[in-house]
Each structure stands twice: as structure tokens, then as C-alpha cells.
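**Q** Right, I'll just put the structure down here and ask away after.
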Amino acid sequence: MDFTAQLFLVKILAVSDQVVERVYSLANSGHFKGVNLIIGCGDLPYTYLEYIVTVLSVPLYYVPGNHDPDFDLRDARSRAEGGSNLDLATVRHKDTLIGGFGGCIRYRPNGTNQYTQSEAYRRAYSILPQLLLNRIKYGRALDILISHSPPFGIHDDTDKAHNGLKALNWLMQIAKPRYFLHGHTHFYRNNIADHETDIEGTKIINVYPYRVIEA
């Protein structure tokens, strides 16, 4: 099958950072008809994600944000039931390869899902074997990269808590995804010029608080 044709069959509801009450009614009314994939980019109550996946009845892949709990298989509160935590993992959804990277820059000494730039690089290196295997099996590493943090210098902000992760720039260069979806940075007071940027074949999209994307 021609992969380019397959891409346009993927309609994504991507959510991040803020519960939007209107999404409840939109989901119930069929507004998201045709969506066949839900992507969560972090910092949302897992009950919110669970509601969306229950109503739409399509696969959910998500990564944790800095306000989400540490993942623990023994604790149901640390995961979204019905979804797959894709932090430091890749998955093949039909013919679309998706990889995830949770968390953000460290801005508190003991902050959950927070990493220094060096720590983030070490985490990114751990995904490399999966990316190489994808390239061998499918001829490409990733089609969609999802993260909580934006990459460094792209859609990030000037305050310490919202600086981007340089490791994500590296991952983007290595994996060359067609789409890079993230959250974490909020739009207010014209602090961020745009929510969508194209760089070397990758469309980087800030999905805050939700976006419908035909990828």
C-alpha cells in the first residue's frame, strides 16, 4: 500500500494540558465523527482521557506531563484505562508508526516527570534501538512523534518551566517524523507566535488544548 495515501486515513483528536468542558458535549454529539485515533500530550486528568476514549471508542496513545503521576503498573491512578502510555516507546497503529516522550524540563528539584537537558538526552538515546528496528522493518523510524514538552527553541517559552528539551530536537532529526505533536506551552498574551511550524519535512503542532488533525 502506498504510505502517502494511508496517512490521510488517520484522523486524530489530540488533547493536552487543559480540560475543555465543551469537548464532553462535542464528543457526545458526534462532532468528532471520523476520528480514529486519540493522542494525549500530557497534563490532563486520566478520567478526561478515559471519557473521550469511552465515547469515541478508538485507540488512545498518550505521554505523561509534569503534572501527571509517575507511572506504576500496580496503581490504576497512574494510568489512563483503555489507553497506552507511549513514554519511551513506539507502536504501529495500522500503518502509522508512533513514538512518545513524556515530561518536560526540570524546574523543581524533585518534580515529577521533569528532566535536565542531559537526563532528557539519556532518555532519548534509550528509544534509538526501537527507531532503528522500525527503519529496518518499515523503511522509516516514525511517522508521528508525541511529547509533552516542545523541542528547544520551537513553540517553547522564556520562563524556566517552559523551556523546550534539546533531546526532542535530536529525536526529530534522527526519526524524521512527518508530524510532531506536543503540549505544555499555553497561548496567552501573544507569548507564542504560532502553534504550527514546518521544519525539514516535519510539521510541529502545539495541540493545546485540543486539535483535530488529519495526518
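The values are calculated or read from the model by the stated rules, or taken from the named source; none is laboratory data. Predicted, not measured: the structure shown is a model, and the values here were computed from it. For neighbour counting, all protein chains shown are included, and Cβ atoms are generated from backbone atoms with ideal geometry for every residue, glycine included. Remember, those area values only see protein heavy atoms, side chains included, never the ligands or the DNA or RNA. Shrake-Rupley method; radii C 1.70, N 1.55, O 1.52, S 1.80 Å.
**Q** Taking the range 74-90, which residues are under 26 Å from Arg108 (Cα atoms), outside any helix (DSSP H, G or I) and touching a residue at least 12 places away in the same chain (Cβ under 8 Å)?
**A** Within the range 74-90, Arg79, Ala80, Asn85, Leu86, Asp87, Leu88, Ala89 meet the criteria.
**Q** Just the residues that are at pLDDT 95 or above and either in contact with a helix residue (DSSP H, G or I) (Cβ under 8 Å, 6 or more places away or on another chain) or open to solvent by less than 50 Å² (accessible area, probe 1.4 Å) (or both), please, taken from the range 171-196.
**A** Passing the criteria: Leu171, Met172, Ile174, Ala175, Pro177, Arg178, Tyr179, Phe180, Leu181, His182, Gly183, His184.
**Q** Condition first: in contact with a Lys or Arg (Cβ under 6 Å, 6 or more places away or on another chain) and over 19 Å from Val63 (Cα atoms). Can you find one or more residues in the range 192-214 that meet it?
**A** Applying the first criterion (in contact with a Lys or Arg (Cβ under 6 Å, 6 or more places away or on another chain)) to the range 192-214 yields 214.
Applying the additional criterion that residues be over 19 Å from Val63 (Cα atoms) yields 214.
Scanning the range 192-214 turns up at least one residue that is in contact with a Lys or Arg (Cβ under 6 Å, 6 or more places away or on another chain) and over 19 Å from Val63 (Cα atoms).
**Q** Where the second residue is open to solvent by 30 Å² or more (accessible area, probe 1.4 Å) and the first is within 16 Å of Val10 (Cβ to Cβ) and lies in the range 53-73, which pairs have Cβ atoms under 6 Å and are six or more apart or on separate chains?
**A** Taking only residues 6 or more apart or on different chains, the pairs are Val58/Asn36; Tyr61/Ser84.
**Q** Tell me which residues, restricted to the range 55-73, are open to solvent by 20 Å² or more (accessible area, probe 1.4 Å) and polar (S, T, N, Q).
**A** Ser57
**Q** Here's something else I'd like to know. Give the residues of the range 124-148 that are more than 17 Å from Asp198 (Cα to Cα), open to solvent by less than 20 Å² (accessible area, probe 1.4 Å) and assigned to a loop (DSSP other than H, G, I, E, B), sorted by residue number.
**A** Ala141, His148
**Q** Return the total of residues in the range 17-49 being on the phi > 0 side of the Ramachandran plot and open to solvent by less than 10 Å² (accessible area, probe 1.4 Å).
**A** Looking only at that region, the number is 1.
**Q** Right, here's the next one. Is at least one residue of the range 104-112 surrounded by fewer than 15 Cβ atoms within 10 Å (Cβ to Cβ) and within 17 Å of Lys166 (Cβ to Cβ)?
**A** yes
**Q** Does Leu168 meet the test of being buried (at least 23 other Cβ atoms within 10 Å of the Cβ), under 13 Å from the mean Cα position of the chain (by Cα) and not in a helix (DSSP H, G or I)?
**A** no
**Q** Conditions first: (1) within 25 Å of Gly99 (Cβ to Cβ); (2) at pLDDT 95 or above; (3) open to solvent by 10 Å² or more (accessible area, probe 1.4 Å). Ile52 passes all but one, so which condition is the exception?
**A** Checking Ile52 against (1) within 25 Å of Gly99 (Cβ to Cβ); (2) at pLDDT 95 or above; (3) open to solvent by 10 Å² or more (accessible area, probe 1.4 Å), the one that fails is (3).
**Q** If you don't mind, another one. Pick out the one residue from Tyr115, Tyr208 that is touching a residue at least 12 places away in the same chain (Cβ under 8 Å), within 25 Å of Ile52 (Cα to Cα) and surrounded by 18 or more Cβ atoms within 10 Å (Cβ to Cβ). Give the derivation first.
**A** Details: Tyr115 fails: within 25 Å of Ile52 (Cα to Cα).
That would be Tyr208, the only listed residue that is touching a residue at least 12 places away in the same chain (Cβ under 8 Å), within 25 Å of Ile52 (Cα to Cα) and surrounded by 18 or more Cβ atoms within 10 Å (Cβ to Cβ).
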